[in-house]
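Trainee: Here's a structure for you.
The values are calculated or read from the model by the stated rules, or taken from the named source; none is laboratory data. What you see is a predicted model, and the numbers here were worked out from it, not measured in a lab. In this analysis, Cβ positions are derived from the backbone assuming ideal geometry, glycine residues included, and neighbour counts consider all displayed protein chains. Just the protein is used for accessible areas: all its heavy atoms, side chains included, with ligands, DNA and RNA removed. Shrake-Rupley method; radii C 1.70, N 1.55, O 1.52, S 1.80 Å.
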Amino acid sequence: MLPPSDNRAASRRRATSTAMTTATTAATTAASAATAATAATAAAAVVTASVAFVSPLPGVASGVAVACRVTPRAVPCGSFCGVTPVRALAARRRRCGTADAAAGTATGAAAHPRCAVDVGSQTPLPAVVEERSVVLPTGVTMAYHWAAPPPGSPPPAALVVALHGSFHGGWAYAPAVLPALATAGYAAAAPSLRGTAATAAPPGTRAVKVGEHVADVAALIEALLADTAASLGVGGEGQRATGGAPPSPLPVYLIAHSFGAFPAYAYAAATIPSPTDEGDGKGKGNGDKGNGGGIPRYPLAGLALLAPSPPSGNDALTWRVARSRGLRVSADIFAAFALRRVSRDAALARRVLFGAATPDETVDDAMPRLAADTAGVGLDLADVRRVWVTGAGGGVGTMADVATAEGEAGVAAGEATWVAARRAAPGGWHAWVAAGGDDVVVDETAAAEAAAFVGASAAPRVYDGLAHDLMLVAGREAVVADLVAWVDDAVAA
């Protein structure tokens, strides 16, 4: 017999599965109807931004349609097509062009030399995933992928937010991770962080500081919690908040991949990096401090890391990789990231990110997305080193905030001192780390360091044969299943 928590989880999954099957059937019926409709019929269906319609997209196979709520408008570089939100049956991100909502077409992208994303040839998103955007008080319009149990399902049991690494966007979690979380009964979001193609950094930004990412993620989580509570009827005492905020209607969990671990470490510590920086509340910062100001009002209930950059930084990791993997691999990593060639060389991307076993169509689909995000504004590495690795900037939750002696203040060696406060919170603290056995970017030693730092209850789970992009590569099914099981266990605790 299952324990009560498992019974509840099983009941939630059955109810969610039934509702999702109904939603999928309805979506398929709508797609078939749209394929048979004439252009005039499609045009008549588009009235205002509040009226849903279904229309074929060019380059999409017959029978596959996109359901949108649209307002026809010009689309600047780095934005979405004129669809807000895009309900993904075959929703595609467009860079440049003009959305012709009535005909369901786009023009102008081919004429713009800096816009190389041919959305018509990219793989449709899973039916449960939507592309959305929200204007944040930090001064950016953040794009994010969203998935939640469909209408008629039990309310979501948690909010899970997934942060991508360098040269990626929220799209990296859309094919597998977000649908799995929604199917399991959770609300899940994968933002494209400030500086990516979908979420432009403010004009004049040369690099994005960790604290700016934290401020954006904190604002997004507040918006999602408010929207989820209002639209899905979630209530209750929830998770304790700070700064006078109302209690969270849901426990909040973060997932972070690769360099996305640094803003995740920072958010887990529940503070912007420099307490002396008053900032302006918009994540713009002041002078060299430049980290914004404020404290995330909803502390995390847990953190999962996928092939994470270690909290001590990449210096020691780089030397280890050179010694263990050889100079050829080191040269690949340098070319991929320092020279930004990973988006222009599919063979290089396969060696560094995807591995030999990942299907060509997965790599081909990712390449234009990588190109768009590689052209954006990256993380300020000097800020990472100064504030987050050495603690020289007064950072909290960095390697400067680690107990170095076993048993010091009751904290294990290598564990951040803020973990104890998280464990003492209602529901406790839950951390989990995964690594790829064939990852040439982040080795198992780095993953073990990250696991100790965030207070994971077990050593990193190493997936033999898997490369760096654990959420995209061949074999990802095992990673995703374990990730969902981790959320299940954390919520049931």
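Trainee: Can you pull out every residue in the range 434-485 that is open to solvent by 40 Å² or more (accessible area, probe 1.4 Å) and at positive phi?
Mentor: Matches in the range 434-485: 465 only.
Trainee: When you look at residue 200, is it open to solvent by less than 10 Å² (accessible area, probe 1.4 Å) and closer than 22 Å to residue 370 by Cβ, yes or no?
Mentor: Judged against the criteria, residue 200 is not a match.
Trainee: Residue check: is residue 140 without any contact (Cβ under 8 Å) to a residue 12 or more places away in the chain and more than 19 Å from residue 472 (Cβ to Cβ)?
Mentor: For residue 140, the condition - without any contact (Cβ under 8 Å) to a residue 12 or more places away in the chain and more than 19 Å from residue 472 (Cβ to Cβ) - is not met.
Trainee: Where in the range 401-493 are there helices (runs of 4 or more DSSP H), lying wholly inside it, with at least 2 residues that are at pLDDT 95 or above?
Mentor: The helices (runs of 4 or more DSSP H) meeting that bar are 444-453, 476-492.
Trainee: Now for a separate question. If you go through the range 333-350 one residue at a time, do you hit one that is farther than 25 Å from residue 434 by Cβ, open to solvent by less than 20 Å² (accessible area, probe 1.4 Å) and out of contact with any Phe, Trp or Tyr (no Cβ under 7 Å at 6 or more places or on another chain)?
Mentor: Checking the range 333-350: at least one residue is farther than 25 Å from residue 434 by Cβ, open to solvent by less than 20 Å² (accessible area, probe 1.4 Å) and out of contact with any Phe, Trp or Tyr (no Cβ under 7 Å at 6 or more places or on another chain).
Trainee: Still on this structure: Among the numbered criteria (1) at pLDDT 85 or above; (2) outside any helix (DSSP H, G or I); (3) not aromatic (Phe, Trp, Tyr), which single criterion is violated by residue 225?
Mentor: Answer for residue 225: the failing condition is (2).
Trainee: Tell me which of these residue 162 doesn't satisfy, since it passes every other one: (1) modelled with pLDDT under 95; (2) under 20 Å from residue 354 (Cβ atoms).
Mentor: (1)
Trainee: Let me confirm something: among 124, 155, 149, which residue is buried (at least 24 other Cβ atoms within 10 Å of the Cβ), out of contact with any strand residue (DSSP E or B) (no Cβ under 6 Å at 6 or more places or on another chain) and either at pLDDT 95 or above or more than 22 Å from residue 268 (Cα to Cα) (or both)?
Mentor: From the options 124, 155, 149, the qualifying one is 149.
Trainee: Output the number of residues of the range 300-340 satisfying the condition of being touching a strand residue (DSSP E or B) at 6+ places or on another chain (Cβ under 7 Å), over 24 Å from residue 464 (Cβ atoms) and part of a loop (DSSP other than H, G, I, E, B).
Mentor: Of the residues in that region, 2 qualify.
Trainee: Which condition number in (1) open to solvent by 20 Å² or more (accessible area, probe 1.4 Å); (2) at pLDDT 95 or above is the one that residue 324 fails?
Mentor: (2)
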